[in-house]
1. Looking only at the range 64-104, filter to residues that are surrounded by fewer than 14 Cβ atoms within 10 Å (Cβ to Cβ) and hydroxyl-bearing (Ser, Thr, Tyr); which one of those is farthest from the chain's Cα centre (by Cα)?
2. Checking Glu138 against (1) within 24 Å of the chain's Cα centre (by Cα); (2) in contact (Cβ under 8 Å) with a residue 24 or more places away in the chain, only one condition comes out false. Which one?
3. Which residue pairs have Cβ atoms under 9 Å apart, sit 6 or more places apart or on different chains, and have a first residue in the range 193-222 that is within 21 Å of Arg14 (Cβ to Cβ) and a second that is among the polar types (S, T, N, Q) and assigned to a loop (DSSP other than H, G, I, E, B)?
4. Collect the residues in the range 288-318 that are among the aliphatic types (A, V, I, L, M) and either outside any helix (DSSP H, G or I) or modelled with pLDDT under 85 (or both), keeping them in residue-number order.
5. State yes or no: is Ser127 at pLDDT below 95 and either closer than 20 Å to Glu288 by Cα or not aliphatic (A, V, I, L, M) (or both)?
6. Report yes if some residue within the range 141-148 is closer than 30 Å to Ser176 by Cβ and either in the same structural domain as Ile9 (by TED's automatic domain parsing) or part of a loop (DSSP other than H, G, I, E, B) (or both); otherwise report no.
7. Going through the range 96-125 one residue at a time, which ones are touching a helix residue (DSSP H, G or I) at 6+ places or on another chain (Cβ under 9 Å), assigned to a loop (DSSP other than H, G, I, E, B) and either among the hydrophobic types (A, V, I, L, M, F, W, C) or without any contact (Cβ under 8 Å) to a residue 40 or more places away in the chain (or both)?
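The values are calculated or read from the model by the stated rules, or taken from the named source; none is laboratory data. Treat the numbers as computed from the prediction; the structure is a model and nothing was measured. No Cβ is skipped: glycine too gets one built from the backbone with ideal geometry, and neighbour counts run over all protein chains shown.
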Amino acid sequence: MSSPFMDSIRRVLRTHHYSYRTEQAYLHWVKRYIIYHNKKHPHDMGAAEVAVFLTHLANDRKVVAATQNQALNALNFLYTKVLDKPIGQLHGVIRAKQSKRLPVVLTRQEVTSLLEHLEGIYIPIASVMYGSGLRLMECLRLRIKDLDFESQTITVRSGKGDKDRVTILPGRLIESLRHQADHIRLLHEQDMNQGHGSVAMPYSLARKYPNAQYELAWKFLFPARGLSRDPRTAIVRRHHIHQSNVQSAIKSAVRKAQINKLASSHTLRHSFATHLLEDGYDIRTVQELLGHSDVRTTQIYTHVMNKGANAVRSPLDR
């Protein structure tokens, strides 16, 4: 749905520095909201219509709580930031049920087998996600400057909740990541010679530091194979590798390794946390490395450690 109204929402989203993925998600929910109410203009609707739509998502579409919350956030942004008409208290909304599922965790042997069945650039990507506990997009958005080989740390910029944090850089990855940085240096020189040497910069840094976009330090650690056109600026340059390529590679490796679990890229992060706890690291340390705001989020990994349910020893094993 392309219209002056949708374009106005897009402009406000970019003014507030929302990521491109969030921008696309919010526009999607506004579009669905409008279509659900027979293309009635949001300005002529309010809390009642929002409540009906959210209930529809839970009852009819059977969405999970996170999806319903994202739709609510999108509509709240629409009414608060774009229309200057806060929706206020919502009444009668049927909330989607919060899923209570344990994370899928691989054994150490399964992680090794998965990595052995990956090829090329996907090996260091998966290794960083497991070895440092990064989310997929946190890993793909890493820049060369975010790696400190001397202190063996990785700085995650603008992670979930727009928070920065520092996590560990495994010593076993230093050599391969140095080679990766050398490869990017050559790629950077090639792109510069072809007139496509800039890189997408976060927020307003491109205006504040206009030359930084041409610096090697700001280049993505895991760049795409080819150039592409930036959907926001229309500038042709090299972005990071697309997340769908990584997800497909990991899914294929899981199948080839004959791992009979519903493992995904995020499973590597789950495995990182669980294996640290199994090694005796305290939960607060693991919480900081993962970037969890609440330790209760981290505590879920204590239920999937290789020590039985809740670390209880079965009487049959005595």
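1. Once the filter is applied, the top-ranked residue is Thr80.
2. (2)
3. Ala200/Thr233; Pro202/Ser158; Tyr203/Ser158; Ala206/Ser198; Ala206/Thr233; Gln213/Ser198
4. Across the range 288-318, the qualifying residues are Val304, Met305, Ala309, Ala311, Val312, Leu316.
5. It is false that Ser127 is at pLDDT below 95 and either closer than 20 Å to Glu288 by Cα or not aliphatic (A, V, I, L, M) (or both).
6. The answer is yes; a qualifying residue exists.
7. Answer for the range 96-125, where residues must be touching a helix residue (DSSP H, G or I) at 6+ places or on another chain (Cβ under 9 Å), assigned to a loop (DSSP other than H, G, I, E, B) and either among the hydrophobic types (A, V, I, L, M, F, W, C) or without any contact (Cβ under 8 Å) to a residue 40 or more places away in the chain (or both): Ala96, Lys97, Gln98, Ser99, Leu102, Val104, Val105, Leu106, Leu118, Gly120, Ile121.
Matching residues to (1) modelled with pLDDT under 95; (2) touching a Lys or Arg at 6+ places or on another chain (Cβ under 7 Å); (3) loosely packed, with under 13 Cβ neighbours inside 10 Å:
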| position | (1), (2), (3) |
| --- | --- |
| Cys139 | no, no, no |
| Lys145 | no, no, no |
| Ser151 | yes, no, yes |
| Gly159 | yes, yes, no |
| Asp162 | yes, no, yes |
| Arg165 | yes, no, no |
| Glu175 | no, no, yes |
| Ile184 | no, yes, no |
| Ser198 | yes, yes, no |
